[in-house]
Amino acid sequence: MSGNMYGADVEALRQLGQIFDEAAAQLSAARRLVESGVDAADWWGPSGEMFRGEWSDQHAPGLTAVETDLARVGDVLRRNADAQERTSESLDGGGAAGGSGLPGSSSGGGGDYSGEDRPGNPELGDHGPYKPATNIPMDDNAIDPDQLNQQGLGDCWLLAAMGSIAQNDPEFFREHMVQNSDGTWTVTMYKDGEPVEITVEPEVASGGVMDPKGNPSWASIYEKAAAEYWGGEYEDLDGGYSDEAFEAITGKESNSSDEGSLEDVREALKNGPVTGGTEDDGSFLWWDGEMDDNRVVPNHAYVVDEVRENANGELEVHVINPWGPGDHKQSDGSNKVGDMWLTQQQWEENFDTLYTTPSTK
């Protein structure tokens, strides 16, 4: 490479990710071939049993771990390529790619948006009808991130950013959303660092974010303003990235990176709000398994709340699910809990992206 270059060649990153994927697949095929040979070997007695035990207890798991690492590196490379492409498109005046449409999605983007106030209500799509939003509480308890209840719209990337800002500086939202004498709300967001005032009627999508009791909240108002900001439809929020949400909400330059160590996370929390993005469920990697912890929502964004030392002197991180507090039992038998403490290993096994922004205090 000649000259000065910052960032990365997107296509080269994707090609390198493909190389890692192919290496993982080849190693998996070799492991399975050897495994078949070991199982079929006509070798009996203590030596044969010892050999088979060493293979199943040591060698096969070691190879599987390498396969998993190769596949994850390939995934990280693709994600970095996507992030680089989004950054380049943003600099060129474009927007990010569309979201997946899955509740909880954090893999898409806000789309090409004008970042402006729009007349009338945003289009509801499948998230209606509209519900009156009056007497919205704005005390610290109401603004706490554990009062978010995402429901069916896939805007965890936005809600996690809102929740982490609220955790860091609840006064920010009292300063940036004002109820007018006619009952409407004016929410101040930002585009390219410049304030954009968005006025919304006092009614919100019943299928959008609510408080845990199902009542409209400050987040419902902000979500509606964001729907205007990102295009004029609630569906425009279905998939995105928390760094984009941070910048639209605060006007401050924000960043995304890999998940890092919990020491990295602790340092990031000293400087401002933090969210974490989880891995995919692994289904697109046929040689890999599902996510390691079935309490964690795949392809999702969480509020990163705190890092502390546990009784053993090890760091652990507390994350908050914008689905809301308590249990969220799924049809597959898993329970996607509202919040959890994770060790360094659990953090690395389930999260792959860290989103940060400077404090608004």
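The values are calculated or read from the model by the stated rules, or taken from the named source; none is laboratory data. Values in this document were obtained by computation on a predicted structure and should not be read as measured data. Counting neighbours? That spans all protein chains shown, and the Cβs are built from the backbone with ideal geometry, glycine included. Accessible surface is based on the protein model in full, side chains and every heavy atom, while ligands, DNA and RNA are left aside. Shrake-Rupley method; radii C 1.70, N 1.55, O 1.52, S 1.80 Å.
Only protein heavy atoms count here; under a 1.4 Å probe, PHE51 has an accessible surface of about 90 Å². With K and R counted +1 and D and E -1, the other residues having a Cβ less than 14 Å from that of PRO137 yield a net charge of -2.
Share of the range 112-167's accessible area from carbon and sulfur, percent, 1.4 Å? Please list the in-between numbers first.
Details: 1040 of 2450 Å².
Carbon-and-sulfur percentage of accessible area, whole number: 42.
If Lys and Arg each add +1 and Asp and Glu each add -1, what is the summed charge of the other residues whose beta carbon sits under 9 Å from the beta carbon of TYR229? Within the 9 Å Cβ shell, the charges total -2. Placing dummy labels 7 Å off each Cα toward the beta-carbon, the span from GLU175 to GLN345 is 4.4 nm. Per residue, the range 181-304 exposes 36 Å² of accessible surface when a 1.4 Å probe is rolled over the protein heavy atoms with every protein chain present.
What separates the Cα centres of the range 149-183 and the range 188-249 is a distance of 8 Å. Cross-link pairs exceeding 26 Å between alpha carbons, from the set LYS213/LYS336; LYS224/LYS252; LYS191/LYS224; LYS329/LYS361: LYS329/LYS361.
R0 = 56 Å: FRET efficiency of GLU314 with LEU33, Cβ-based, nearest 0.05? Walk me through the numbers before you get to the answer.
Working: r = 39 Å, r/R0 = 0.70.
So the FRET efficiency works out to roughly 0.90.
Expressed in nm to one decimal, what extension gain is obtained for the pair SER261 and LYS361 from 0.36 nm per residue of sequence separation less their Cα-Cα distance? All intermediate terms of the calculation are to be shown ahead of the outcome.
Numbers: separation 100, 0.36 × 100 = 36.00 nm, distance 2.54 nm.
Full extension of this stretch gives 33.5 nm more.
Couplings for the range 160-170, taken from phi via the Karplus curve 6.51 cos²θ - 1.76 cosθ + 1.60 with θ = phi - 60°, read 4, 5, 4, x, 6, 5, 4, 5, 7, 7, x Hz in order; Gly and Pro are left as x.
Grab the Cα-Cα distance for PHE51 and ARG118, subtract it from 0.36 nm times how many residues apart they are, and report the gain in nm with one decimal.
Net length gain for the segment: 17.1 nm.
So for GLU279, GLU54, what's the accessible-area order with a 1.4 Å probe, most first? Please list the in-between numbers first.
Details: GLU279 25, GLU54 75 Å².
These residues rank, largest area first, as GLU54, GLU279.
Among the protein heavy atoms, those of ILE249 account for about 0 Å² of accessible surface (1.4 Å probe, every chain in place).
Once the C-beta distance of THR134 and ASP327 is scaled by a Förster radius of 30 Å, the resulting FRET efficiency is 0.45 to the nearest 0.05. For ASP9 and ASN141, the FRET efficiency from 1/(1 + (r/R0)^6), where r spans their Cβ atoms and R0 equals 35 Å, is about 0.10.
Starting from the residue with the highest accessible area, list ASP126, ASP293 in decreasing order, probe 1.4 Å.
Numbers: ASP126 140, ASP293 20 Å².
The ordering from most to least exposed comes out as ASP126, ASP293.
Ligands, DNA and RNA aside, GLU201 has an accessible area near 90 Å² when probed at 1.4 Å.
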